[in-house]
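Structure record follows, encoded as structure tokens.
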Amino acid sequence: MDDASTVSILGHRVDRREDPPLLRGTAPFVADLGGEGVLSAAFVRSTVAHGRISLVDVSEALEAPGVVAAFTADDLGLADLPEWPRPDGPPRPELARPCLARDRVRFVGEAIAVVVAETEAAAVDAIEHVVVEVAELPAVVDPLAALEPGAPLLFPGIGSNVALSTVLGGGEDVLEGADVVVRARFVNQRVAPVPMEPNGALVWPLPDGTLECVVSCQAPFGVRNAIASSLGKQPADVWVHAPAVGGGFGAKGGAYPEHVVVAAVAERLGRPVRYIETRSENLLSMTHGRGQVQQIALGARLDGTIVGLEARTVTEMGAYCWRGAISLATSSLMATGAYRVPRLSLTALGVVTNTSPVGPYRGAGRPEAAAMLERAIELLAEELAMDSLEVRRRNFLRPEEFPYRTLTGASYDSGDYERALDAVLEHAGYAAVLEEQAARRASGSPRQLGIGISTFVEVSGTGPEYGGVSVAPDGTVVVTTGASPHGQGHETTFTQLVSGLFHVPAERVRIVHSDTRAVPHGIGTFGSRSGQLAGSAVHRAATVVLERARRAAADLLEAAVGDIVVGDDGRFFVAGVPARSVTLAEVAGAGGAGELEADGDFAQEEGTYPFGAHLAVVEVDTETGKARLARLVAVDDCGQVINPTIVEGQVHGGLAQGAAQALFEEVVYDELANPLTTTLADYAMPAASELPSFETHETVTPTTRNPLGMKGVGESGTVGAAAAVQNAVIDALRPFGVRHLDMPLTPSRIWTALQQAGTD
Ligand code: MCN
């Protein structure tokens, strides 16, 4: 935090300025663009989970009505997609993902060939005429089975299905001195991101040989670079921009094979080509999230003090080690959470299986780590016959210990975990909820209450981000950002940052984003990074520009710059003499406009660490096994807040997705690796009717790692909610002898557990 001007731009409730076109249906999505002369692409996808391709013949499809072209991997000769950074060394090209399957298919849904036709219907009909011959190979679905000797190998050349591995700590008995050790195995199930709008791209070959790619994405620069590298072009020759994006949740963070293929065929045909995914294709070919098996041993003394944590995690990568490394690395980084863990031994394996590739999904490793710890704390408390709140309090890192370097290498900036816990208990009326629970238990009601708590910390805001500010001759303040909003309200919050400084109304502020030609460079929006990084870059640039404007105004007013102030109406005048003033437009128009611009990247070396405490109340029907989420009370601390309304909206979205993982959602495959959840009738994504009205609150613990004192908030709801809801359901079942249940806590899983508990 720096000065008083910073304080004045923070904390204001402002309605989202991006909403009217979305609500009126006038905001353009990829599927709304195109029109006359635009060809449609459809993909031939593997129906086999694992096999050797002996033939891909598109000749019959080429004869089908309306078909313009059809291509196989060999026809297009595209370079493989680059692997995302891995924590255990440089990329391994031998594990790379091809844009179209070449000699092997590795999951059901993998694209094998593309058909391009005059209409979407013609393209979809024609893919039936592509002949694909595949010699089936044994498939493997379960990541633990993939580790067994003799398991089918996806990449025989590497000799195992372990695609990456990291080890943190170890080399000693980390449980030494423990009076009790709890051991458990948890499964953090695979889920699907299900954005409102599936994947899509529209590519126009331009007369100068470059490509204009309209892509539904979160990171246009990354998409640009990947398309360029697969096509062997210079990044400058590929122009990517994102129109309205119907959600991404981490899964639209990079280029998909389909984007690259559509760009390649548009270039080859010299005609615009569009590809829009169906929902079923989306559930197959968009990356899934989570998918981690955790084996833990947590040791503590009799008073509840943790002495050490031993963990082995196996994270699913899906069929390629492509984007999965991020979740593995982040879950490892956050493995000790809000607690003082003096000794740690963590082995993290990333394993390939014959399933859709896995990538970041809201939280990307943070919810997995939080769920692991919060279940472990509950089990430890039970073992010690202690209140789990007391176990948490005993092990929390204290506010005076920050900055704090964890054994996983994270550098926590600031925090007050106990304050968040106290706040959530107070807001929830914890004592009254406990009383109600006791009454139901005593009466033997078939509707038992469960109360679940999670206390968590997560990482946000890593890497650099670009922000620029300039003043147009008419006085409009133009903000340019490398962030790429797709629901987070950046147009509103970044407008607030500059309108608060310049005292200009929102209509005089224009935000430029999500376009590789309109923005000099950038990274994009994921990892709860944009508010603090792009926001700080914008704030810094705006501060410089304001100072220059004051100097130019001083010249115009023939006064000393130190005497110039900006009034509430945005006019510059000598303090105490408002009658003689100049507007920002006059300052810009007076020739100063050239100087009224500044830009740069902002980075914080170690990220920031938002935290919170969530409390869930569930009602479990012990006769049917149905768990109803009755309340979800959340205290989230993301440091200083620009816009409380936006922050609450972000938390609401995250809570819904966290609760959905706890109760409903799971991507399921059969033992032959056939996906069973390929429609929204099978994949149980909840509607608003299945969720309560969330109760959101905050504590404010600023960071010193950026000038705004902000931390991220885009993921925190997801990080805390799943663990709290899971704990609540298990708490309701505790009197029946249930010790642990994995998510999703479906009626059948709960009912079965109750039946088994009854017979034990
Ligand atoms: N903000 C604020 N004060 C803070 C922190 C943030 O006012 N202390 C504001 C920011 O200015 C921004 C919003 O809150 O307008 C979210 O900021 P931030 O936490 O920086 O997150 P990002 O903007 O980087 O968004 C990414 C995050 C992630 S990782 C996922 S996944 C996610 C999410 O945002 N996907 C979403 N929210 C989503 N919301 C929608 N509608 N759709 C998605 O796909």
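The values are calculated or read from the model by the stated rules, or taken from the named source; none is laboratory data. Only a predicted model underlies this, so the values are computations on that prediction, with no experimental measurement involved. For neighbour counting, all protein chains shown are included, and Cβ atoms are generated from backbone atoms with ideal geometry for every residue, glycine included. Areas reflect the complete protein model, heavy atoms only, side chains present, ligands, DNA and RNA absent. Shrake-Rupley method; radii C 1.70, N 1.55, O 1.52, S 1.80 Å.
The alpha-carbon of LYS233 sits under 16 angstrom from the alpha-carbons of these aspartates and glutamates, leaving out residues fewer than 8 places away in its chain: ASP80, ASP208, GLU212, GLU267. Considering helices alone, the calculated mean residue ellipticity of the chain at 222 nm is -9000 deg cm²/dmol, with DSSP H runs of length four and up weighted by -39500 (n - 2.57) and normalised per residue. In terms of the mean number of neighbouring beta-carbon atoms within 10 Å, the peptides 570-581, 629-640 order highest first as 629-640, 570-581. The residues packed around ARG705, meaning those with a beta-carbon under 9 Å from its beta-carbon, carry a net charge of -2 if Lys and Arg are +1 and Asp and Glu are -1.
Ligands, DNA and RNA are left out, and with a 1.4 angstrom probe the accessible area of region 367-464 is 36 Å² per residue.
Placing unit charges on the Cβ atoms of the charged side chains and taking the dipole of region 459-618 about its Cα centre, the candidate lying farthest along the positive direction among GLY489, GLY562, VAL617 is VAL617.
If you take the square roots of the eigenvalues of the alpha-carbon gyration tensor of the chain and sort them as a ≥ b ≥ c, do you get rounded (a/c under 1.5), prolate (a/b over b/c) or oblate?
It comes out oblate by the Cα gyration axes.
Summary of packing: across the peptides 556-567, 432-443, 284-295, 225-236, the per-residue average of other C-beta atoms within 10 Å ranks them, highest first, as 284-295, 225-236, 556-567, 432-443. Charged neighbours of LEU584, selected by a Cβ distance under 15 Å, balance to -3 (K, R count +1; D, E count -1). With R₀ set to 60 Å, the beta-carbon distance separating ALA385 from ALA506 gives a calculated FRET efficiency near 0.60.
Of TRP204, TRP751, the residue with the largest accessible area leads and the full order is TRP751, TRP204 (1.4 Å probe).
Overall, the accessible surface of the chain at a probe of 1.4 angstrom is composed of carbon and sulfur to the extent of 52 percent.
Legend: calculated FRET efficiency, ALA27 to ALA96, from the Cβ-Cβ distance at R0 = 25 Å, rounded to 0.05, equals 0.10.
Tell me, what is the percent relative contact order of region 407-515, built from C-alpha pairs under 8 Å that lie six or more residues apart? Could the numbers behind the result be given before it?
Numbers: 82 pairs, mean separation 20.0, N = 109.
Relative CO of region 407-515 lands at 18 percent.
With charges set only on the Cβ (+1 for Lys and Arg, -1 for Asp and Glu), what does the dipole of the chain come to about its Cα centre, in debye to the nearest 20? The partial results should precede the final answer.
Values: 58 positive and 94 negative charges, 128 e Å.
So the magnitude is around 620 debye.
Please give the peptides 18-24, 357-363, 538-544 ranked by average Cβ packing (other Cβ atoms within 10 Å per residue), highest first, as a rough proxy for protection.
Details: 18-24: 12.4, 357-363: 29.0, 538-544: 23.9.
Answer by packing, highest mean first, reads 357-363, 538-544, 18-24.
Hydrophobic, long helices, defined as DSSP H runs whose alpha-carbon span along the helix axis is 24 Å or greater and whose mean Kyte-Doolittle value is at least -1.0, occur in the chain at 366-384, 530-557, 644-663, 716-733.
Is the shape of region 347-441 rounded, prolate or oblate, going by the alpha carbon gyration tensor and its root eigenvalues a ≥ b ≥ c, with a/c under 1.5 for rounded and a/b larger than b/c for prolate?
Details: a/c = 2.08, a/b = 1.39, b/c = 1.49.
Judged from the Cα gyration tensor, region 347-441 comes out oblate (a/c at least 1.5, b/c at or above a/b).
Pairs of alpha-carbon atoms within less than 8 angstrom and 6+ residues apart define the contacts here; what relative contact order does the chain have, in percent? Show your work: numbers first, answer last.
Numbers: 1962 pairs, mean separation 116.6, N = 760.
Once normalised by length, the contact order is 15 percent.
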